[in-house]
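The structure appears right after this line, and notes come after that.
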Amino acid sequence: VCRHPRDPPRSPAMASLFADVPMAAPVVVFKLSADFPYRTDEGQPWVLPVVRKVEAQISNDLTLNHEYLPILGLPDFTQAASAIVLSKDSAAIADNRVGGVQCLGGTGALRIGAEFLRRWYNGNNNKATPVYVSSPTWGNHNGVFGGAGFTDIRSYKYWDKCTRGLHMKGMLKDMEDAPEFSIFVLHACAHNPTGTDPTHEQWMEIAKVMKKRHLFPFFDIAYQGFASGDLDKDAWAVRYFVDQGFEFFCAQSFSKNFGLYNERVGNLTIVSKDHDNVMKVRSQMEVIIRTIWSNPPTQGARIVAKTLNDPQLFAEWKENVKTMADRVLLMRDELRKRLEKLGTPGTWNHITEQIGMFSFTGLNEAQVEYMIKTKHIYLMANGRINMCGLTTKTLDYVATSIHEAVT
Ligand code: PMP
């Protein structure tokens, strides 16, 4: 039946045009535990000192204004961002076959990359290209690729429950079995949620199979520097894929390593065979962005660009990143030490072997429930804890609680 939106409602039950909209599951509740930001040892949010400093410089700089940025973003930002993941001596940068696109956070970079791939990769508007995400993965990967129109989102083996480590065999088999040209979303470092990354040798094997099977790597790097405390170490896999001659995308987030969660600073790095192809890809990115956010916001990109492009500020930033990474590493050490001292059944080496903000404790559902209901310690149902939630003051309580949960 045709009804003009201005016609009076048909019945009281239809009082609103949105009456038939179902209530979605609350994202915020999930977000609280899943995307928890860095906290200091006092449990407080931390504005990086270098960010405070650059913010002051920006606000005092009367030459700066609020004109629109170019559609693809602030060039000083995109170039510096790509250089930090690929390294400024990257052969791909020297060959002029790298392009950057400023996006709204890492999520925006994933989404714009996904939108481009759906439109132009593996045939025009090929929604059916399989997109593989790790099992488990950051919850939003499925939604982002689905939202961009991909209809065949699959998972590849990643976590081995028994060994509490990487399921290398399963992962390689899933890659071997994937249709050629499938897209693989790879966490470049500090895998979320397991905190478990492939070793260099394992990345080499992964690259070998991906090359043989013509699989497209889409890196997601949301924790560069935050994982090990060393920017270069955390970007090793991405750089190795450049060396191996891959064309790929890499979605970068500056939310964590700059503590700029609310400024939405991300970059999509495109590495292609030659300059010409990068230009074509960027031209299509421009078309996509024009109809989504049209032009990106300035403040976060300015902060990051100024910091990365000034040697002194850059050095300060690296120190700040290391402060955060070291705190997480310390919490890992201290938690493991306490559990081992208590003689908590099981092995706890995975706590220090995993990296990044998260740790897959290996606690089962009943144990997690005990932690939450009886001890009021909040962790994900899958046993993932956020290391930033731990402080010097709470370590003892958390360790004894895990001990009680297990015994
Ligand atoms: N990828 C992964 C793996 C993440 O963990 C996150 C943030 N939790 C993102 C991407 C998105 O980052 P942003 O907040 O910059 O959108």
Original post:
What is the range 208-366's relative contact order, in percent, from Cα pairs under 8 angstrom and six or more apart in sequence?
Top reply: 22 percent
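Net charge around T307, counting only other residues with Cβ within less than 15 Å of its Cβ (Lys, Arg = +1; Asp, Glu = -1)?
Details: positive: R52, K53, K88, K256, R302, K306, K318, K322; negative: E55, D61, D76, E263, D310, E316, E319.
With Lys, Arg at +1 and Asp, Glu at -1, the net is +1.
What does the highest-first list of 296-302, 399-405, 98-104, 125-131 look like by mean Cβ count within 10 Å? Please list the in-between numbers first.
Details: 296-302: 21.9, 399-405: 19.1, 98-104: 26.0, 125-131: 15.9.
The packing order, highest mean first, is 98-104, 296-302, 399-405, 125-131.
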Subject >> Farthest positive-ward along the chain dipole, Cα basis, beta-carbon charges - from V398, F145, F77 >> reply: F145
Original post:
What range in the chain is the longest one free of chymotrypsin sites (Phe, Trp or Tyr not before Pro) that are in a loop by DSSP and have at most 16 other Cβ atoms within 10 angstrom?
Top reply: 69-180
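Would you mind checking the pairs K157/K341; K208/K322; K256/K322; K169/K208 and listing those with alpha carbons more than 23 angstrom apart? Let's see the in-between values first.
Details: K157/K341 34 Å; K208/K322 32 Å; K256/K322 12 Å; K169/K208 14 Å.
In this structure, K157/K341; K208/K322 lie more than 23 Å apart at Cα.
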Original post:
So what's the projected area for the chain, the Cα convex hull averaged over all directions, in nm²?
Top reply: 24.5 nm²
**OP:** Give the long-range amide H neighbours of L186: residues separated by 5 or more places, or on another chain, with amide H under 5 Å away, using H modelled in the peptide plane at 1.01 Å from N.
**Re:** F218, F219, D220
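From the protein chains alone at 1.4 Å, what is the descending order of accessible area for L172, L395, largest first?
Working: L172 30, L395 5 Å².
Largest to smallest exposure gives the sequence L172, L395.
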**OP:** Kindly identify the range 330-407 as rounded, prolate or oblate by the Cα gyration tensor criterion: order the square roots of the eigenvalues as a ≥ b ≥ c, call it rounded if a/c is under 1.5, otherwise compare a/b with b/c, prolate if a/b is larger, else oblate.
**Re:** rounded
Original post:
Percent relative contact order of the chain, based on C-alpha pairs within less than 8 angstrom and at least six residues apart?
Top reply: 21 percent
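Could you check what % of the DSSP bridge pairs in the chain are antiparallel, to the nearest 5?
Values: 18 of 34 bridges.
Within the chain, antiparallel bridges account for around 55 percent of the total.
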Subject >> Whole-Hz ³J(HN,Hα) from phi, Karplus 6.51 cos²θ - 1.76 cosθ + 1.60, for the range 134-140, glycine and proline x >> reply: 5, 10, x, 9, 4, x, 7
Subject >> Amide H within-cut-off set for S155, under 5 Å, with H built and near neighbours excluded >> reply: V133
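The values are calculated or read from the model by the stated rules, or taken from the named source; none is laboratory data. This is a predicted model, so every value here is computed, not measured. FYI the Cβ positions are ideal-geometry reconstructions off the backbone, even for glycines, and counts take in every protein chain you see. For the accessible areas, the whole protein counts, side chains as well, though only heavy atoms, and no ligand, DNA or RNA atoms are used. Shrake-Rupley method; radii C 1.70, N 1.55, O 1.52, S 1.80 Å.
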